[in-house]
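Data first, discussion second: the structure below is written as structure tokens.
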Amino acid sequence: MMTTPISAGSPVAVVGAGTMGAGIAQVAAAAGHPVVLFDAVEGAADKALADLRTRMEKSVERGRRTEEEAQRIIGLVVGCGWLAECASASLVIEAIIEDLHTKRKVFAEIEELADPGAILATNTSSLSVTAIAAELKRPERFVGMHFFNPAPAMPLVEIVSGARTDAEVADVAAATVEVWGKEPVRCLSTPGFIVNRVARPFYGESLRLASDRIADYATIDALFVGSGRFRMGPFALMDLVGLDVNLAVSKSVFAQTFHDARFAPHVLQQSLVDAGNLGRKTGEGFFEYGKSATKAVPQTVAQQVAPANVEAHGDLGWAAGLTSRLLASGVEVDSVPAGGPGHFIFDGVHLVPTDGRTATELAAAEVFGSPNVVVFDLVHDWHNVARVGIARADQADPSVVERVAGLFQAIGCQVSQIDDAHGMVVMRTVAQLAAVAADTVAAGIATASDVDTAMRLGTNYPSGPLEWADLIGIEVIAAVLRNVRHGYGEDRYRVPALISRRAATNQPIRKEIADV
């Protein structure tokens, strides 16, 4: 039976008139709800209303809304300074400080005032929905509705069920935000929900790579953008949201997962926070900002001569797209069926797509019968790749870097040489994202579809991590994790049971878990 959303004429109350609360109020009003916006701080609601009028005026000026639409939205939102004025709402959404005691106290008051049939919702991004509702008389009417900032623009809303949330209440919340023009995803109350949980390796692996001096901040960011097709690199993104804010989320998820190594915060980020270098808001974080700031430049190999011909050996898997790009660029490619790892040979170089092993390991094992081994990092889309990361074996002639650079430059790519590291930059991080995503689904926290949707819409990832893992090859993801774990000897890189099972039969991971 189809779930009916809260009707457009029903009143909605938003508790907390800060950036998130005001944004949620705007979304509800745009959908036709009369909205009461409450804040205990004197003047906060009035300021939020003034800001709403300003946003609506700019929206009209830019042609995004008509004057009539803007005035209708403004007219539907009223501010108040008394919580009792929220009592008639069919839906009450809280967006106040991230403090468990404060939220519990506010919801206890709201529950006493609100109609017993009203839905009470929290916009928390880090606290347990189950814990917030624990002292309520009607916890079954309580649900998480996690909007992303800015709420009017961001399409994603995480609908989070606590341990005692009624399934119908979560259904109504999801149906309501869908009518509001948002994309709901469903999950159980777990540390970080979907987005803040699955995204941790994007930051954690990058911090570790930088700390180990595998590459500098600018080069790592450039590889994520140019090779992985991420909208923004991890260091620029941490600077944007604030290092302190990002670190607080990492610490919260780490603590709530009882110190699961995958979610471990990094001392490098802590040291910058301790120094007061919080990113854009302080003028300095991983990068410098302001008029006098020196722009960080990624390490880039100088222009080299392209090879005339290349041999492509064996099954290249996700790297097969390089062959078509080379042919289109005028480089002759001869395909050579062969066993063993797929690789390219030219000018005495063995160029290998990363499988988590280092180039030095491959050369030492004499896999290719030559010390001149270079590995290259994961590429999301060979048609739009702008930069590729490479690493040479310690035993290799240093000139192999220039020879490999010439090959990638022939297809229009910039090339960054990084130190020889297990899993490189993009591949290692994507494998970790897929691992956390797989465990999230296997635990019944969210479906595979909702995890992928959440990561695409909530973080602007180029693909959902499970979809991406299937495109790469789940057996490759398993191999990368095993090889990186062997290199570091840490449980942080363990292979999830679900990925291991799928890899054993070379089956797409989403085939098994899509309907979980």
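Every number here is computed from the coordinates shown, using simple stated rules; none is lab data. Predicted model, so just to flag it, every value in this text is computed and none were measured. Don't worry about glycine lacking a Cβ; one is built from the backbone with ideal geometry, like all the others, and counts go over all protein chains shown.
Here are a few things to note about the model shown:
- Taking 0.36 nm per residue of separation and subtracting the Cα-Cα distance, full extension of the segment from Leu327 to Thr4 would add 110.8 nm.
- Within the same chain, lysines fewer than 8 places from Lys281 are excluded, and of the rest, those with a Cα less than 16 Å from its Cα are Lys291.
- Proximal aspartates and glutamates to Lys47, defined as alpha-carbon separation beneath 14 angstrom and excluding residues fewer than eight positions away on the same chain: Asp39
- A cut-off of 5 Å between modelled amide H atoms, ignoring neighbours fewer than 5 places along the same chain, links Arg494 with no other residue.
- Rounded to whole Hz, the Karplus (6.51, -1.76, 1.60) HN-Hα couplings of the stretch 358-366, x for glycine and proline: 7, 4, 5, 5, 4, 5, 5, 7, 6
- The stretch 331-368 residues near the modelled Asp419 label - backbone nitrogen below 15 Å, point 7 Å along Cα→Cβ: 358-360
- Dipole magnitude (debye, nearest 20) for the stretch 450-516, charges at Cβ of Lys, Arg, Asp, Glu: 220 debye
- Helix-only arithmetic for the chain: the sum of -39500 (n - 2.57) across DSSP H runs with n ≥ 4, divided by the residue total, places the mean residue ellipticity at 222 nm at -12500 deg cm²/dmol.
- Placing unit charges on the Cβ atoms of the charged side chains and taking the dipole of the stretch 159-264 about its Cα centre, the candidate lying farthest along the positive direction among Val179, Thr257, Ala163 is Thr257.
- Inter-part distance where the stretch 340-371 and the stretch 458-504 are each reduced to a Cα centre, Å: 21 Å
- Taking 16 Å as the straight-line reach from the Cα of Lys103, the lysines in range (excluding those fewer than 8 positions away in the same chain) are Lys137.
- Whole-angstrom gap from the stretch 192-217 to the stretch 165-190, using each part's C-alpha centre: 29 Å
- R0 of 30 Å, Cβ-Cβ distance Glu402-Thr294: FRET efficiency to nearest 0.05: 0.60
- In order along the stretch 100-112, the Karplus-derived 3J(HN,Hα) couplings, from 6.51 cos²θ - 1.76 cosθ + 1.60 at θ = phi - 60°, round to 4, 4, 5, 5, 4, 5, 5, 5, 4, 5, 4, 4, 5 Hz, and Gly and Pro are given as x.
- Every Cα-Cα pair in the stretch 12-189 was counted, and those over 22 Å apart are 39% of them.
- Each of Met238, Ala215, Gln270 was scored by the projection of its Cα onto the charge dipole of the stretch 198-282, and the greatest displacement toward the positive side belongs to Met238; charges sit on the C-beta of Lys, Arg, Asp and Glu.
- Two-site FRET efficiency, Ala248 against Gln395, from Cβ-Cβ distance with R₀ of 51 Å, rounded to 0.05: 0.70
- Total charge dipole magnitude, the chain, about the Cα centre, Cβ charges on Lys, Arg, Asp, Glu only, Debye to nearest 20: 240 debye
- Distant-in-sequence amide H partners of Gly285 (H built 1.01 Å from N, under 5 Å): Gly279
- About its Cα centre, the stretch 12-189 has a charge dipole of approximately 280 debye under the convention of +1 per Lys or Arg Cβ and -1 per Asp or Glu Cβ, with nothing else charged.
- Amide proton proximity set for Met145, modelled H, under 5 Å, gap of 5+: Thr122, Asn123, Thr124, Val160
- Dipole of the chain computed with +1 at Lys/Arg Cβ and -1 at Asp/Glu Cβ about the Cα centre; of Ala30, Val225, His350, farthest Cα towards the positive end is Ala30.
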